[in-house]
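The values are calculated or read from the model by the stated rules, or taken from the named source; none is laboratory data. In this text the structure is predicted, and so the values were computed from the model without any measurement. Virtual Cβ from ideal backbone geometry, glycine too; neighbours counted across all protein chains shown.
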Amino acid sequence: VARVVTTVEEVTDATDDVVAALARLVPQLTTTAPPVSTEIVRDVTTSPATTLLVARDGAEIVGTLTLVIFAIASGRRAWIEDVIVDERARGRGVGEALVAAAVARARAAGVRTVDLTSRSTREGANRLYLRLGFAVRETNLYRLTLDG
Ligand SMILES: CC(C)(COP(=O)(O)OP(=O)(O)OC[C@H]1O[C@@H](n2cnc3c(N)ncnc32)[C@H](O)[C@@H]1OP(=O)(O)O)[C@@H](O)C(=O)NCCC(=O)NCCS
């Protein structure tokens, strides 16, 4: 088995390689999102609340995650969104490395709680989050859709 070194780093510029990687990865999470463009990636990288992380296998981007940190009167909170590992790179710890890196950044930023959602049909994702210490919250999650 080839030895794989996964590095996780923050992306601060919407370079062509990052845009191309996200254009390949996002459809592996959702088929309803608008096509990834440079403008969309720039929106993510320039937002002060948002940290775009990528996992690399050598130079190649094989996974991504977005960490959102925000401050409210009850304390700093965070959400993890868009966790995606390329089909060809799954099952060797890339997802775990991405989530662990996001949690470490949230902790360093003084965040009280890190939330995320995952449909119960995403069995691999749910196992990953439970393994890393996330617990299911008993709450109702509401959404108002504005783009439909
Ligand atoms: C969910 C997802 C991000 C997980 O990524 P991943 O890189 O495969 O995750 P990991 O490799 O850390 O963990 C997956 C499995 O590999 C195992 N694993 C990790 N490192 C390993 C290694 N070196 N050797 C063997 N197995 C390993 C883990 O124990 C885990 O086992 P499990 O499936 O029995 O729980 C990925 O499957 C994905 O992108 N899915 C589609 C999109 C999606 O559902 N995203 C989540 C939205 S909430």
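Hey, among the residues in the stretch 54-107 that are acidic (Asp, Glu) and under 23 Å from residue 31 (Cβ atoms), which one's surrounded by the fewest Cβ atoms within 10 Å (Cβ to Cβ)?
The selected residue is 87.
Pick out the one residue from 63, 93, 75, 58 that is among the small types (Gly, Ala, Ser) and under 12 Å from the mean Cα position of the chain (by Cα).
Selected residue: 63, the only one of 63, 93, 75, 58 that is among the small types (Gly, Ala, Ser) and under 12 Å from the mean Cα position of the chain (by Cα).
The rows are residues; the columns are (1) out of contact with any strand residue (DSSP E or B) (no Cβ under 9 Å at 6 or more places or on another chain); (2) in a loop (DSSP other than H, G, I, E, B); (3) free of Cβ contacts under 8 Å to residues at least 12 places away in the same chain; (4) of a type outside the set (Phe, Trp, Tyr).
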residue: 61; (1), (2), (3), (4): no, no, no, yes
residue: 77; (1), (2), (3), (4): no, no, no, yes
residue: 84; (1), (2), (3), (4): no, no, no, yes
residue: 99; (1), (2), (3), (4): no, no, no, yes
residue: 110; (1), (2), (3), (4): no, yes, no, yes
residue: 114; (1), (2), (3), (4): no, no, no, yes
residue: 119; (1), (2), (3), (4): yes, yes, yes, yes
residue: 141; (1), (2), (3), (4): yes, yes, no, yes
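Sort out which residues of the stretch 39-59 are in a helix (DSSP H, G or I), of a type in the set (S, T, N, Q) and without any contact (Cβ under 8 Å) to a residue 12 or more places away in the chain, and write them in order of number.
The answer is 46, and nothing else.
Please determine whether any residue of the stretch 63-71 is within 16 Å of the ligand (Cβ to nearest atom) and polar (S, T, N, Q).
yes
Residue by residue through the stretch 72-85, note down the ones that are in contact with a helix residue (DSSP H, G or I) (Cβ under 6 Å, 6 or more places away or on another chain), more than 16 Å from residue 106 (Cβ to Cβ) and more than 6 Å from the ligand (Cβ to nearest atom).
Within the stretch 72-85, none qualify.
Determine whether residue 36 is at pLDDT 95 or above, assigned to a helix (DSSP H, G or I) and in contact with a Leu (Cβ under 8 Å, 6 or more places away or on another chain).
Criteria not met by residue 36.
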